[in-house]
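The values are calculated or read from the model by the stated rules, or taken from the named source; none is laboratory data. Remember, it's a predicted structure, so these values are computed and weren't measured experimentally. Neighbour counts run over all protein chains shown; Cβ positions are idealised from the backbone, glycine included.
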Amino acid sequence: SPTAQIINGKAIADSIRKEIADEVKALQEKYGKVPGLAVVLVGTKGDSATYVRMKRKACADLGIQSFSTDLPGDVSEEDLLKVVADYNANEEVHGILVQLPLPKHIDEQRILDAISLEKDVDGFHPANIGALAMRGRTPLFTSCTPKGCLELLKRSGVAISGKRAVVLGRSNIVGMPVAHLLQACALPFIIISDATVTVVHSRTPDARAICAEADILVAAIGQAEMVRGDWIKPGAAVIDVGTNPIPDASKKSGYRLVGDVAFSEAKERAGFITPVPGGVGPMTITMLLSNTVDGARRTFEKAAAG
Ligand code: NDP
């Protein structure tokens, strides 16, 4: 059997970034203003500082104005809320991102709830997630990684309507919004998919048999290579969101990243598959930039309409 078409997330993200850069220019010509994104980093733990640096650089590359606040790891919840409130009020800021996870002493829900709905470019505000889950509603923003998964499918020409989709994982950040996007129905929703969706989680018996029926399989569980080749329906489209470090003595860092899918086995059965790295990863920041430009366009249009 022929091996899968590898979905090149880096190349797709690069072409979307060109479209976004053109849009930024067009907005600047029309309204004399540029989109602005505020990125708030608390502490210096884990990969957060790296992600934040990548997000700020990506803004600069595309002509998006970047606002930065770095707070110490022991910052108080009140002080962080004050930073969010200031960005909510700042007319040059169209998107606010507070990098997660936050330190334990801060109530993450309270911070996410405080971000203005119109600037919620991460799409984590419960009102945006609620709209995503409701028929006939259109969220102002949908979260970046799920949106990136859908873009990869669409831009690879994968048919979604009427297909069986299985999502592994049910987190607020990836699994659930991906499931909602895959089953999203007609207008006024921004993404129309019409798949029949099953969500698999840690209490699901026989995940393998369920996955084996999927025309579209999205894996977002954080379990290194758990999805084996024989879980894949021949010809299926496989989107691997997982990024799991595993020890690798041949690397300078001592580890390498693998997905939730055993890539070399799966690519012998799948019709389409994303690699890790270079699949979903590059799309996430790109969708953040796209959301920021969407927010800015809405604001500029509203102001112009008076
Ligand atoms: P979470 O840990 O929040 O959620 C994991 C989900 O997977 C849960 O719903 C859990 O089930 C389910 N799960 C865990 N183990 C199993 C299992 N053995 N069988 C079936 N289901 C299982 O993770 P996230 O959603 O935040 O992230 C998932 C993965 O995606 C991670 O590897 C993360 O690094 C990666 N990621 C990548 C991004 C990118 O840009 N490429 C962005 C965000 C995440 P239950 O609900 O029952 O606990």
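If we scan region 94-106, do we find a residue that is in a helix (DSSP H, G or I) and surrounded by 14 or more Cβ atoms within 10 Å (Cβ to Cβ)? Please lay out each step first, then the result.
Within region 94-106, the subset in a helix (DSSP H, G or I) is none.
Within region 94-106 (the criterion being in a helix (DSSP H, G or I) and surrounded by 14 or more Cβ atoms within 10 Å (Cβ to Cβ)), the answer is no, since none of the residues qualifies.
Is it fair to say GLY235 is modelled with pLDDT of 95 or more, over 20 Å from PRO277 (Cβ atoms) and either among the hydroxyl-bearing types (Ser, Thr, Tyr) or in a loop (DSSP other than H, G, I, E, B) (or both)? Taking the combined requirement at face value, the residue satisfies it. Set side by side, the residues ILE190, ILE173 differ, and just one is within 11 Å of the ligand (Cβ to nearest atom), in contact (Cβ under 8 Å) with a residue 24 or more places away in the chain and under 19 Å from the mean Cα position of the chain (by Cα), which is ILE173. If the condition is being within 12 Å of ILE239 (Cβ to Cβ) and part of a loop (DSSP other than H, G, I, E, B), then region 125-183 contributes SER156, VAL158, ILE160, GLY169, VAL174. Within region 201-229, being touching a residue at least 40 places away in the same chain (Cβ under 8 Å) and assigned to a helix (DSSP H, G or I) holds for ILE210, CYS211, GLY229. Every condition in (1) surrounded by 15 or more Cβ atoms within 10 Å (Cβ to Cβ); (2) within 20 Å of ASP260 (Cα to Cα) holds for ASN172 except the one numbered (1).
Report whether or not ALA58 is over 16 Å from the mean Cα position of the chain (by Cα), in the same structural domain as VAL93 (by TED's automatic domain parsing) and closer than 17 Å to SER290 by Cα. Explain how you work it out, then say what you get.
Numbers: over 16 Å from the mean Cα position of the chain (by Cα): no; in the same structural domain as VAL93 (by TED's automatic domain parsing): yes; closer than 17 Å to SER290 by Cα: yes.
Answer is no for this residue.
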